[in-house]
1. Can you work out ³J(HN,Hα) from phi for every residue in the range 91-99, in order, using Karplus 6.51 cos²θ - 1.76 cosθ + 1.60 and θ = phi - 60°, giving whole Hz and x for Gly and Pro?
2. In whole Å, how far is the Cα centre of the range 122-156 from that of the range 1-72?
3. Which order, highest average first, do 13-19, 144-150, 110-116, 76-82 follow once you tally other Cβ atoms within 10 Å for each residue and take the mean per peptide?
4. How about the range 84-127: which trypsin sites (Lys or Arg not before Pro) there are in a DSSP loop, with at most 14 other Cβ atoms within 10 Å of their Cβ?
5. According to the square roots a ≥ b ≥ c of the eigenvalues of the Cα gyration tensor, what is the shape class of the range 1-142, taking rounded for a/c under 1.5, prolate for a/b larger than b/c otherwise, and oblate for the remainder?
6. Compute the helix-to-body angle for 134-155: its Cα long axis versus the longest principal axis of the chain, expressed 0 to 90° and rounded to tens.
7. I need the phi-derived Karplus couplings for the range 110-117: 6.51 cos²θ - 1.76 cosθ + 1.60, θ = phi - 60°, integer Hz, Gly and Pro marked x.
8. Relative to the longest principal Cα axis of the chain, at what angle does helix 3-20 sit, 0 to 90 degrees, rounded to 10?
Amino acid sequence: MTNDEKYMEEAYQEALIAYQNKEVPVGCVIVVNDKIIARAHNERHTKKCSIYHAEILAIEKACKALNRWILDDATIYVTLEPCNMCSGAIIQSRIKKLVYGVAQPKYGCVESTLNLFREGLFNHTVKVEKCSLNEKIENLMKNFFQELREKKKNSD
């Protein structure tokens, strides 16, 4: 197992917590010097705040842990392709590398709707990689949305 797979597995564990809390199952960890310095999962519904995405929460925790806002030695692992808000936060934080699990066809801003990480687009370039744990993450996402649809259908 590679380091990227190891840390994506940690992000997946965060996604499972979100799933158990009836949140869209997105998990995130931030790593510096081969050590997890922050971890988070989606909390939008729980905390009733639209910006409480896993990436935003993890970045905030990382900044507090390191007592700085520039995270240019950090790698962020997230189970789902970041949206425009989270992509912007990753770029603004000067994160060195993004590793994500699966594409987000409706909102993703790495490969799906647009690519905010294109080299030369901003003054900071983030290295981007897609992780190999895709099937496991896709299954979690499919199960979540299938359960949500069934619940809605049964409540109508």
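1. These are the phi-based 3J(HN,Hα) values: 5, 4, 7, 6, 4, 6, 8, 10, 10 Hz.
2. The two parts, judged by their Cα centres, are 15 Å apart.
3. 76-82, 13-19, 110-116, 144-150
4. Sparse-neighbourhood loop trypsin sites (Lys or Arg not before Pro): Lys106, Arg118.
5. rounded
6. Between helix and principal axis, roughly 40 degrees.
7. 10, 9, 8, 8, 6, 10, 6, 9
8. Taking the Cα atoms of the chain, the angle to 3-20 is about 40 degrees.
The values are calculated or read from the model by the stated rules, or taken from the named source; none is laboratory data. Model, not experiment: these values are computed from the prediction. Cβ atoms come from the backbone with ideal geometry, glycine included; neighbour counts cover every protein chain shown. Heads up: the accessible areas ignore ligands, DNA and RNA and are worked out on the full protein's heavy atoms, side chains in. Shrake-Rupley method; radii C 1.70, N 1.55, O 1.52, S 1.80 Å.
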